[in-house]
1. Find out how many positive minus negative residues lie around Ser341, taking Lys and Arg as positive, Asp and Glu as negative, among other residues whose Cβ is under 15 Å from that of Ser341.
2. Please give every one of the lysines within straight-line cross-link reach of Lys239, meaning a C-alpha to C-alpha distance under 20 Å, and leave out same-chain neighbours fewer than 8 residues apart.
3. Give the relative contact order (percent, whole number) for the chain; include only Cα pairs under 8 Å separated by 6+ residues.
4. Cβ neighbours within 10 Å, averaged per peptide: list 45-56, 84-95 in order, most packed at the top.
5. Output the direction-averaged projected area (hull surface divided by four) of the convex hull of the alpha-carbon atoms of region 47-177, in nm².
6. Once you compute Rg and the Kirkwood Rh from C-alpha atoms, what is the Rg to Rh ratio for the chain?
7. Say we join alpha carbon atoms closer than 10 Å with springs in a Gaussian network model of the chain; which of Gly302, Gly380, Gly146 then has the biggest fluctuation?
8. Please list, ordered by chain and number, the residues whose modelled amide H lies under 5 Å from the amide H of Glu400; skip anything fewer than 5 residues away on the same chain.
Amino acid sequence: MSRTTNCELSLFFVLIVAIVSMGVPAVEAAQNNDHQPTFTSDIAPILQRSCQDCHRTGSIAPMSLLTYEETRPWARSIREKVTSRAMPPWYIDKNIGVQDFKYDYSLSDEEIATVSSWVNNGAPRGNPADMPPPRQFRDIAEWKIGEPDWVVEIPEPFVVAAEAPNWWGDLYADSGLTEDRWIKAVETKPSLEGFPVVHHAVTSMEDTDSEEGDYNFLNEYALGKNGDIFPDGTGRQIKAGAQIKFNMHYAAIGVETTDRTRVGIQFYPKGVVPERKLISAHVGDDEDLDIPAGESNVRHDGFYRLKENAHITAFQAHLHNLGKRQCLGAILPDNTKQILSCADWDFGWHIVYNYEDHVAPLLPKGTLLHVTSWHDNSEGNRWNDDPTNWAGFGQRSSDEMSFAWVSWYELNDESFEQEVEERQAVDNDN
Ligand code: HEC
C-alpha cells in the first residue's frame with residue numbers, strides 16, 4: 001500500500017521536475033517550489049546529525065557550524081563540498097553493494113538537494129522558532145565501552161606544533177601482556193588535550209614472533225564513532241607480548257598541542273574462549289603494482305580465499321597517496337559473483353565501514369574475496385607529489401599499496417545455515 005503511494009509520489013515529482021526544468025533556470029525553479037528550505041527548519045538538523053561532531057570549536061574541522069552566524073559565510077563552500085560528496089567524509093558508493101552501515105552520517109540525495117537549493121536561494125535564516133534545540137555532545141573523556149581492564153598508550157606524548165604539515169605515521173607500544181587473552185570490547189581514543197589534533201587513529205596488534213609479522217586490527221578512532229563491543233560469545237584474541245601499532249594522522253590547529261592516544265581493552269574472564277572468533281586480515285594484497293606516471297585510472301586485482309564460513313562485519317580500503325577507489329567483491333563457490341562494497345579513496349581519511357548486522361555479508365567457506373583498486377598518478381590527484389614518476393609497491397607512504405582490511409567472524413556449518421535462514425525469513429517478511 002505505502003509502496004504504491006511512494007511510487008505515485010515519485011512519479012509526480014518526476015513530472016513536476018520535468019515540467020519545471022523545461023527552459024527555466026535552476027535557481028528560479030527552486031524558488032517556484034512551495035517549500036523553500038531555511039536554516040532553522042531544514043539545514044540545522046542536517047548539520048547537527050552529519051557535521052557538528054567535527055565542525056565545532058575544539059574539534060578537528062577548520063570552522064564551527066553550530067549557528068546560523070557561523071554557517072552563513074560558508075554557504076557556497078558547503079554547497080560545493082556536499083554536492084561533490086567530499087563532506088561529510090564518507091565515500092561509500094551509494095549505487096552499488098550493501099548500503100546499511102553503523103555510524104553512517106552521510107547525506108541522502110534529498111538532503112544534498114535541500115542544502116543546494118537553500119544556498120541557491122540566498123541561504124535564508126528562516127523563522128528562529130523553527131530552530132531545533134542545540135545538540136548535546138558526548139563527554140570525550142568517557143570510555144564508551146565502560147572502564148577498560150587494560151590500557152596501552154603511544155610510547156611518548158606526541159607534540160603537534162602550532163603550525164605543522166599533516167603528520168602520518170605508525171607508533172608502536174608494548175602491550176605488556178604476559179598471557180594470551182580474548183577481547184570483549186575495545187576502544188581507541190586521543191587524550192583529552194589531544195582530541196583536536198587527532199584526525200584519525202587506527203590500532204592493530206602485531207605479533208612480532210610470527211613469520212608473516214601477523215597484524216590484527218583492533219579498532220578505529222574517528223569522530224562520531226564508538227568503541228567496539230563485540231556481540232556475546234564473539235571475541236578477538238590478543239597474544240602475550242603483542243605490540244600495539246597506532247597508525248596516526250595528526251593535523252595542526254594553530255596552538256601547540258600534546259596528545260597521548262590510547263587503546264582501552266576489556267577482556268573475557270581468564271580461561272573463557274568465545275565461540276566466535278573475530279578476525280581481521282589483509283585481503284587481496286597486490287605487491288606487484290605498476291602505476292605509470294601521469295595515468296589517472298590504473299587498476300589492480302587481488303584475491304583471498306575464505307577457509308571457513310564468514311559473517312563479514314567491516315571493510316576498509318587500504319591505499320596510499322595515489323589511491324582513488326576500491327571495490328570488495330565475492331566469488332562464491334557456485335561461481336556467482338557479488339559486489340559487497342565500493343568506496344572512493346581520499347588519503348586524508350581512513351574510514352572503516354561497519355556493516356549493519358542485518359545486511360552483513362554471509363559468505364560460505366571457499367568464497368574468493370576479490371579486491372579491485374584504482375590508483376591515480378596524474379596531477380589531478382591532490383595528494384600526488386610527483387606525477388612525472390612511475391609508482392610501485394612499498395612500505396613507505398610515498399610508495400603504494402593495494403589491499404583491504406576485512407573483519408569477519410567464522411561460523412561452523414550449523415550456525416552459518418542458521419544465520420542464512422534467519423536472514424531469509426526476515427527478507428521474506430519485507
Ligand atoms: C569526521 C569529521 C567531519 C565531518 C563529519 C564533517 N566535516 Fe567538514 N571538514 C572536516 C575537516 C577535518 C575539514 C578540513 C579539510 C579536510 O581535512 O578535508 C573539513 C572541511 C570542510 C569544508 C571546507 C572548509 C574550507 O576550509 O574550505 C566544508 C565546507 C565542510 N567541511 C563542510 C562540512 C559539512 C557541511 C558537513 C556535514 C554535512 C561536514 N563538513 C562534515 C571534518 C568533517
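Every read-out reported here was derived from the displayed coordinates using simple, explicitly stated rules and does not represent laboratory data. These figures come from a predicted structure and were not determined experimentally. Glycine gets a Cβ as well: all are built from the backbone with ideal geometry, and neighbour counts include every protein chain shown.
1. Summing Lys and Arg as +1 and Asp and Glu as -1 gives -1.
2. Candidates past the 8-residue exclusion: Lys184, Lys270, Lys277.
3. It comes to 16 percent, rounded to a whole number.
4. Highest to lowest by the protection proxy: 45-56, 84-95.
5. 12.2 nm²
6. With Rg and the Kirkwood Rh in hand, the quotient comes to 0.98.
7. Gly380
8. Gly392, Phe393, Gly394
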